[in-house]
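Reviewing the structure listed below.
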Amino acid sequence: MASNAVSYRDEYQRSMSDPDGFWLQAAQAVDWVVPPTQAHNKEDSPRGRWFADGELNTCYNALDRHVAAGRGDQPALIHDSAMEGTQKMYSYAELTEQVSRFAGVLRAQGVGKGDRVLIYLPMIPEAAIAMLATARLGAIHSVVFGGFAASELAVRIQDAGPKVVVTTSGGLEPNRHVEYLPTVAEALTKAGVPELPVIIKHRNGFTSDPQALGLTVVDWEAALAVAEPAAPVPVNATDPLYVLYTSGTTGAPKGVVRDNGGHAVALLWTMANHYDIGPGDVWWTASDVGWVVGHSYIVYGPLLAGATTVMYEGKPVGTPDAGAFWRVIEQHQVKALFTAPTALRAIRKMDPEAELLQKYDVGSLQTLFTAGERLDTDTYLWAGKVLGVPVVDHWWQTETGWAIVGNPRGLEPLPLKAGSPTVPMPGFDLRIVDGGGVDVATGEEGNIVLGLPLPPGTLPTLWNDDQRFINSYLSAFEGCYVTGDSGYQDEDGYVFVMGRTDDVINVAGHRLSTGAIEQVLGTHPAVAECAVIGIADALKGQKAVGFVVLKSGVSLAPADLQTELVALVRREIGPVADFKTAVVVDALPKTRSGKILRKTMRQIADGDDYTVPSTIEDPAVIEALLPVLSART
Ligand code: COA
Ligand code: AMP
């Protein structure tokens, strides 16, 4: 436990009984331009806003203030590319200088406070530089994951309305070079803004010609060479820092808004109290800046805390082998690693006895954190055994930006229980309720909801669509935010998260909407109707499988149709959907009101207990599907 010997229980209780006092105290870890005098603004009930009269600059807090504190020479960011076999270190002074100059580049493109900057970059240092430079100007970034296709990029460009796009020639995947520029050009055209300036970081090994693609090119290096460094611009605590799109239950992604003040306060609290990471510690999150985990814990969290963040371009296996993670830990003396269970399963599959671990000294590692998907007990036990450090699951989502349920290692390390991410974090009034909003008994599964207000750092709204925010999250249960996950709490208050209650699935820690995939399948001329469900997968947690009913008279062979549908999803959503299987069926099981019984289909496919709802329209349909579904696992 930390030297001040405050217990988790005391801190949690204090956050519930005196949230203003709790969070104003936490806010002292931030360097404010104008310190907030109030924490939660109740006038805007029930959701409220945090630190409404405070002013700050997030980039200043992540960079300049560490230089001002005399730690300019300390490594801020270590970029390790297993794809290129290179490593590059930026000290806090160097990163501040690069970011200030790139902020000057953005300003020269007319970007100012409140403007949006769309960032479509792989795991290269320029991704962090572009994010921080945007924040420096008080502008709002929206990062899009490289595994999305042009249509998905276009939807995000259309919704965010950026002044400029920041991208690169391409990304490196183990089996191929991913050319970014044709995707960007197609997306801009689809979004109706083909002339938008595109700042391009040139990378060797890519062939697309931006001029030939009709892009309005600003060359990163040339622009940087003549840029005037920009100073941090103060913003209100409630001004947005970023918009990050995530999958909802429909095809249209949700633009989760993160504000500046609450975000900085919450992330600083987590770095110290949850992850036990402080100035000078080396911290590695093996994710991607395209996801919330990358936003919070590759870029902002560790830099706000003055730690050294490792940014890794590579995979857990195959780049070159299943020892890649151990090599990075040894080489950069990583104190704590945060990764997705899928990555650990991939390593275990290739190297079950962790023989490659013997080649490296991973003695610097004190804790392994996992999130993004449920940590299954086998993986938890295996990782703990081979690494000999605590394996700490925690549960959260894009919307919250930091852990709802976790094990606060810096505050008070609590005993670990397999299958549970431990207990609610301060500020999260977690309840498990039945369909009518009534608390269920201890040990009983129900909807996991959070009493309002949510703590600082969580989403205040959805970009351009406050009504969707209310409808999606606040309408089902009075005074509560709906997480979309179900679970239960045991007699010790430990939370067990069992899975989504909606049509969101999780493939290799990547959040996907089955509705979005269905929408794409439905555009194929042979498809009359379809259902996509997430089926358990030993490596990736879940995989998306499509069940399609053909239009009458169509005589396309099932194998050919599958090939076409797989290609269609890849083209429209992107390789990240990892959609490989489409099965032709005669009919889909439905209720009498026409709702497809996706949950029952999934339960059958996963071999779980199931009850066919009494409202089923035609029980023979599900009977006919049984062998097809059971063959999926
Ligand atoms: N840009 C372009 N394509 C991408 C991409 C990116 N940034 N990221 C993934 N893809 C592609 C892959 O190349 C692959 O394409 P393919 O169908 O041509 O092979 C497809 O998307 C699926 O990728 P992925 O899910 O990474 O599967 P994989 O089979 O290539 O690798 C693992 C398996 C386990 C190694 C990988 O899934 C992994 O590292 N998982 C951990 C992910 C993670 O950290 N998630 C946490 C998010 S918080
Ligand atoms: P994302 O918004 O992409 O971070 O995905 C959030 C969703 O992933 C959650 O709502 C959960 O369904 C799932 N998830 C994330 N972390 C965990 C975890 N530790 N255990 C179980 N599910 C998780």
Residue under evaluation Val293, criteria (1) under 28 Å from Pro253 (Cβ atoms); (2) of a type outside the set (Phe, Trp, Tyr); (3) part of a loop (DSSP other than H, G, I, E, B); (4) assigned by TED's automatic domain parsing to the domain that holds Pro19, criterion not met: (3)
Of the conditions (1) farther than 30 Å from Tyr180 by Cα; (2) part of a helix (DSSP H, G or I), Leu565 clears all except one; give me its number. (1)
Thr501 passes all but one of the listed conditions (1) surrounded by fewer than 20 Cβ atoms within 10 Å (Cβ to Cβ); (2) within 16 Å of ligand 1 (Cβ to nearest atom); the exception is number (2)
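Restricting the search to the stretch 408-437, which residues are in a loop (DSSP other than H, G, I, E, B), crowded, with 19+ Cβ neighbours inside 10 Å and in contact (Cβ under 8 Å) with a residue 60 or more places away in the chain?
Here is the first cut: in the stretch 408-437, the residues in a loop (DSSP other than H, G, I, E, B) are 408-421, 425-428, 434-437.
Now drop any that are not crowded, with 19+ Cβ neighbours inside 10 Å, which leaves 408-409, 411, 414, 420-421, 425-428.
Pro408, Arg409, Leu411, Leu414, Ser420, Pro421, Met425, Pro426, Gly427, listed by residue number.
Among the strands (runs of 3 or more DSSP E) lying completely within the stretch 170-247, list those that include at least 2 residues that are modelled with pLDDT of 95 or more and not assigned by TED's automatic domain parsing to the domain that holds Thr458.
Values: elements: 170-173, 176-179, 197-201, 216-219, 240-246.
Output list is empty.
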Could you give every pair whose Cβ atoms fall below 9 Å, whose first residue belongs to the stretch 564-577 and is assigned by TED's automatic domain parsing to the domain that holds Gly546 and more than 22 Å from Gly290 (Cα to Cα), and whose second residue is surrounded by 24 or more Cβ atoms within 10 Å (Cβ to Cβ) and at pLDDT below 95, counting only separations of at least 6 or pairs across chains? none
Residue check, Thr422 away from ligand 1 (no atom under 16 Å from the Cβ), outside the structural domain of Val289 (by TED's automatic domain parsing), under 21 Å from Val292 (Cβ atoms) and of a type in the set (S, T, N, Q): no
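If the requirement is being polar (S, T, N, Q) and within 16 Å of ligand 2 (Cβ to nearest atom), which of these qualifies: Thr398, Thr442, Thr461? Full working, then the answer.
Details: Thr442 fails: within 16 Å of ligand 2 (Cβ to nearest atom); Thr461 fails: within 16 Å of ligand 2 (Cβ to nearest atom).
Result of the check over Thr398, Thr442, Thr461: Thr398.
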When both residues are 6+ apart or on different chains and their Cβ atoms are under 7 Å apart, which pairs have a first residue that lies in the stretch 500-513 and is at negative phi and outside any loop (DSSP other than H, G, I, E, B), and a second that is near ligand 2 (Cβ under 7 Å from one of its atoms) and of a type in the set (D, E, K, R)? Arg500/Asp485; Val504/Arg511; Asn506/Glu373
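Among what's in the stretch 438-474 and is assigned to a loop (DSSP other than H, G, I, E, B) and of a type in the set (S, T, N, Q), pick the residue that is nearest to the chain's Cα centre (by Cα). Working first, answer last.
Looking only at the stretch 438-474, we keep the residues that are assigned to a loop (DSSP other than H, G, I, E, B), and these are 438, 440-445, 452-461, 463-465.
Add one more test, that the residue is of a type in the set (S, T, N, Q), and what stays is 442, 458, 461, 464.
Details: Thr442: 30, Thr458: 13, Thr461: 17, Asn464: 20 Å.
Filtering first and then ranking leaves Thr458.
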Any residue at all in the stretch 268-277 that's of a type outside the set (Lys, Arg), open to solvent by less than 20 Å² (accessible area, probe 1.4 Å), part of a loop (DSSP other than H, G, I, E, B) and more than 16 Å from ligand 1 (Cβ to nearest atom)? yes
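Filter the stretch 523-542 for residues that are assigned to a loop (DSSP other than H, G, I, E, B) and open to solvent by 40 Å² or more (accessible area, probe 1.4 Å); which is farthest from Pro589 (Cα to Cα)? Write out each step before concluding.
Residues of the stretch 523-542 that are assigned to a loop (DSSP other than H, G, I, E, B), as a first pass: 523-526, 538-540.
From what's left, open to solvent by 40 Å² or more (accessible area, probe 1.4 Å): 523, 525, 538-540.
Numbers: Thr523: 21, Pro525: 22, Ala538: 26, Leu539: 28, Lys540: 27 Å.
Of everything passing the filter in the stretch 523-542, Leu539 is farthest from Pro589 (Cα to Cα).
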Just to be sure, is Ala305 without any contact (Cβ under 8 Å) to a residue 40 or more places away in the chain, away from ligand 1 (no atom under 16 Å from the Cβ) and either in contact with an Asp or Glu (Cβ under 8 Å, 6 or more places away or on another chain) or within 28 Å of Thr342 (Cα to Cα) (or both)? yes
Those residues of the stretch 54-77 which are open to solvent by 20 Å² or more (accessible area, probe 1.4 Å) and either touching a residue at least 24 places away in the same chain (Cβ under 8 Å) or not in a loop (DSSP other than H, G, I, E, B) (or both) amount to Glu55, Tyr60, Asp64, Arg65, Val67, Ala68, Ala69, Gly70, Arg71, Gln74, Pro75
Of the conditions (1) touching a Lys or Arg at 6+ places or on another chain (Cβ under 7 Å); (2) under 27 Å from Tyr60 (Cβ atoms); (3) of a type outside the set (Phe, Trp, Tyr); (4) not assigned by TED's automatic domain parsing to the domain that holds Gly248, the single one that Gly401 does not satisfy is (4)
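Can you find a residue in the stretch 326-347 that is among the hydroxyl-bearing types (Ser, Thr, Tyr), crowded, with 20+ Cβ neighbours inside 10 Å and either part of a loop (DSSP other than H, G, I, E, B) or within 14 Å of ligand 1 (Cβ to nearest atom) (or both)? Write out each step before concluding.
Filtering the stretch 326-347 for residues among the hydroxyl-bearing types (Ser, Thr, Tyr) gives 339, 342.
Cutting the leftovers down to crowded, with 20+ Cβ neighbours inside 10 Å gives us 339, 342.
Subset that is either part of a loop (DSSP other than H, G, I, E, B) or within 14 Å of ligand 1 (Cβ to nearest atom) (or both): 339, 342.
Among the residues of the stretch 326-347, at least one is among the hydroxyl-bearing types (Ser, Thr, Tyr), crowded, with 20+ Cβ neighbours inside 10 Å and either part of a loop (DSSP other than H, G, I, E, B) or within 14 Å of ligand 1 (Cβ to nearest atom) (or both), which makes the answer yes.
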So which strands (runs of 3 or more DSSP E) are wholly in the stretch 85-162 and hold at least 2 residues that are open to solvent by 10 Å² or more (accessible area, probe 1.4 Å) and without any contact (Cβ under 8 Å) to a residue 24 or more places away in the chain? 86-91
Among the numbered criteria (1) in the same structural domain as Pro453 (by TED's automatic domain parsing); (2) of a type outside the set (D, E, K, R); (3) away from ligand 2 (no atom under 16 Å from the Cβ), which single criterion is violated by Gly363? (1)
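So which of Ala231, Ala225, Ala237 ends up being crowded, with 23+ Cβ neighbours inside 10 Å, over 21 Å from the mean Cα position of the chain (by Cα) and small (Gly, Ala, Ser)?
Numbers: Ala231 fails: crowded, with 23+ Cβ neighbours inside 10 Å; Ala225 fails: crowded, with 23+ Cβ neighbours inside 10 Å.
Of Ala231, Ala225, Ala237, the one residue that is crowded, with 23+ Cβ neighbours inside 10 Å, over 21 Å from the mean Cα position of the chain (by Cα) and small (Gly, Ala, Ser) is Ala237.
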Among the numbered criteria (1) within 16 Å of ligand 1 (Cβ to nearest atom); (2) of a type outside the set (A, V, I, L, M, F, W, C); (3) surrounded by fewer than 20 Cβ atoms within 10 Å (Cβ to Cβ), which one does Thr461 miss? (1)
Could you list, in sequence order, the residues of the stretch 475-491 that are away from ligand 2 (no atom under 16 Å from the Cβ) and either assigned to a strand (DSSP E or B) or touching a residue at least 40 places away in the same chain (Cβ under 8 Å) (or both)? Phe477, Glu478, Gly479, Glu491
Would you say Asn471 is open to solvent by 40 Å² or more (accessible area, probe 1.4 Å), farther than 21 Å from Gly493 by Cβ, out of contact with any Asp or Glu (no Cβ under 8 Å at 6 or more places or on another chain) and more than 16 Å from ligand 1 (Cβ to nearest atom)? yes
Of all residues in the stretch 588-605, how many are open to solvent by less than 40 Å² (accessible area, probe 1.4 Å) and in contact with a strand residue (DSSP E or B) (Cβ under 9 Å, 6 or more places away or on another chain)? 8
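Considering only residues that are surrounded by fewer than 18 Cβ atoms within 10 Å (Cβ to Cβ) and closer than 26 Å to Ala187 by Cβ, which ones fall in the stretch 543-565? Give the steps one after another, and end with the answer.
So in the stretch 543-565, the residues surrounded by fewer than 18 Cβ atoms within 10 Å (Cβ to Cβ) come out as 549, 551-560, 563-564.
Residues satisfying the conditions are Thr563, Glu564.
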Return only the number of the condition from (1) farther than 30 Å from Thr134 by Cβ; (2) of a type in the set (A, V, I, L, M, F, W, C); (3) at pLDDT 95 or above that Ala29 does not satisfy. (1)
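The values are calculated or read from the model by the stated rules, or taken from the named source; none is laboratory data. Source: prediction; values computed, not measured. Note: ideal-geometry Cβ built from the backbone for every residue, glycine included; neighbour counts use all protein chains shown. Just so you know, the surface numbers come from the protein's heavy atoms only, side chains and all, with ligands and any DNA or RNA stripped out. Shrake-Rupley method; radii C 1.70, N 1.55, O 1.52, S 1.80 Å.
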